[in-house]
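Below: one structure, written as structure tokens.
The values are calculated or read from the model by the stated rules, or taken from the named source; none is laboratory data. Treat the numbers as computed from the prediction; the structure is a model and nothing was measured. Note that each Cβ is placed from the backbone with ideal geometry, even for glycine, and that neighbours are counted across all protein chains shown.
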Amino acid sequence: MRHLMFAAAVIAAGLAVGPRDADAEPLPHFPYCLFTGGDLAGFERCNYATFEQCLFDRRAEGGVCYSNPYPVPLGAPRPGVYTR
């Protein structure tokens, strides 16, 4: 019985101190992606703020640069509005 009460107290404390959404930073959205590799075994990287950044890596790795097809996460800056 003592172990059960201890486990319940630990779980309650963990829930009280868990992650808070108010402190979380929104995920950034990058408007450009680079795809390298073949049709069935390629690698996609969507972490480019400008098309020129994508082209720079494309020169070294090959592949194709294109607009990010994934939706913009809620709270993320919209493409073209980068303050950093």
Filter result for the condition that a residue is modelled with pLDDT under 75 and either in contact with a helix residue (DSSP H, G or I) (Cβ under 8 Å, 6 or more places away or on another chain) or among the aliphatic types (A, V, I, L, M) (or both), over L55, L34, L15: L15
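Just for region 58-84: of the residues that are among the basic types (K, R) and either at pLDDT 70 or above or touching a Phe, Trp or Tyr at 6+ places or on another chain (Cβ under 7 Å) (or both), which one is surrounded by the most Cβ atoms within 10 Å (Cβ to Cβ)?
Residues of region 58-84 among the basic types (K, R): 58-59, 78, 84.
Retained after the next criterion (residues that are either at pLDDT 70 or above or touching a Phe, Trp or Tyr at 6+ places or on another chain (Cβ under 7 Å) (or both)): 58-59.
Numbers: R58: 16, R59: 8.
The selected residue is R58.
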Residue pairs meeting the criteria (Cβ under 7 Å; at least 6 apart or on separate chains; first surrounded by fewer than 12 Cβ atoms within 10 Å (Cβ to Cβ), in region 31-54; second modelled with pLDDT under 90 and not polar (S, T, N, Q)): F43/G37
